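Report on the structure given below.
All of the numbers you see were taken from the coordinates with simple rules; none came from a lab. It should be emphasised that the depicted structure is a prediction, and the values quoted were computed from it without experimental measurement. Cβ: placed from backbone, ideal geometry, glycine included. Neighbour counts: every protein chain shown.
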Amino acid sequence: MEPTYCSRGTFNPTVMGKSKADCKPCKGGYSCSDRGLGNLIKYKDKYLCPSGHYCPRGEDIDPIKCIAGSFLDAKGDTDGFSLSKSSGAESIKDCDFCPEHFYCPTGTGDPYNNPCPAGYFCPLGSGAPISCAPGYYCPRKGAVTEQIICPEGNYCPVGSAIP
C-alpha cells in the first residue's frame, strides 16, 4: 500500500500517521508549500516564512508580503544584520516601519537596500520616495536626504536636489 501524503499547507509532526486527520494546518511562521511534510523543525530554515513576508497559521496559505512602508528582515530581526533569507514571522504585526531616509516597497526584507535618492525625501514608514516640494531642495548627504528651504535668490522646482 502506497503512503498518502499530507496535502500542501499541512504537515504531520508524528511518525506513522494513520490517516489524513494526522495532518495538521501549517504552523504560523512557516510556509508549507510542499506536500508530504513531516516535522517542520527538522528542516531548519527551509520552510520558515521568507524575508519580507509573514505566514499565518492555516492550510494552503501562501506567504503574505509586508505592506509598502514596512519591512521584515530575516528571522523577524529588524536590525538588518541577519544572514538568513527567512523571517519566520506569522503576523503583519511582525512587519516594522521602514526607517527614515529609506523607502520600502511591498515585500521588503532589508530596508537598507532602498536609500532615498537626491531630490526626494523619505520619512519614517515610506513605501516610495516623495518628491521634494517646490520651494525646497533635497540633497543627499551619505545615507541622509532632507528637505531644506530654498535659499533666497534661488529657484527650487519640484524634485530639486540642489537650489
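Put a dot 7 Å past the Cα of Ile162, heading toward its Cβ, do the same for Val144, and the two dots end up 2.0 nm apart.
Per residue, what volume in Å³ does the Cα convex hull of the chain take up? List each step's numbers first, then the result.
On the way: hull volume 15.7 nm³, N = 163.
Cα convex hull per residue, to the nearest whole number: 96 Å³.
Amide H to amide H, with H built 1.01 Å from N, Leu37 comes under 5 Å of Cys6, Asn12, counting only residues 5 or more places away or on other chains.
Note on Tyr155 and Ser7: their simple-model spin labels are 6.6 nm apart, each label 7 Å out from Cα toward Cβ.
Taken one residue at a time, the phi angles of the range 136-149 give Karplus couplings (6.51, -1.76, 1.60, θ = phi - 60°) of 10, 10, 10, x, 10, 10, x, 8, 10, 10, 9, 8, 10, 4 Hz. Gly and Pro are set to x. Couplings 3J(HN,Hα) of the range 39-53, computed from phi: 5, 5, 5, 5, 7, 6, 7, 3, 10, 5, 4, x, 4, x, 9 Hz, in residue order, whole Hz [Karplus 6.51 cos²θ - 1.76 cosθ + 1.60, θ = phi - 60°; x for Gly and Pro]. Charge dipole of the chain (Cα centre as origin; +1 on each Lys and Arg Cβ, -1 on each Asp and Glu Cβ, all else neutral): 620 debye, rounded to the nearest 20. Applying 1/(1 + (r/R0)^6) with r as the Cβ-Cβ distance of Lys93 and Lys18 and R0 = 41 angstrom yields a FRET efficiency of 0.65.
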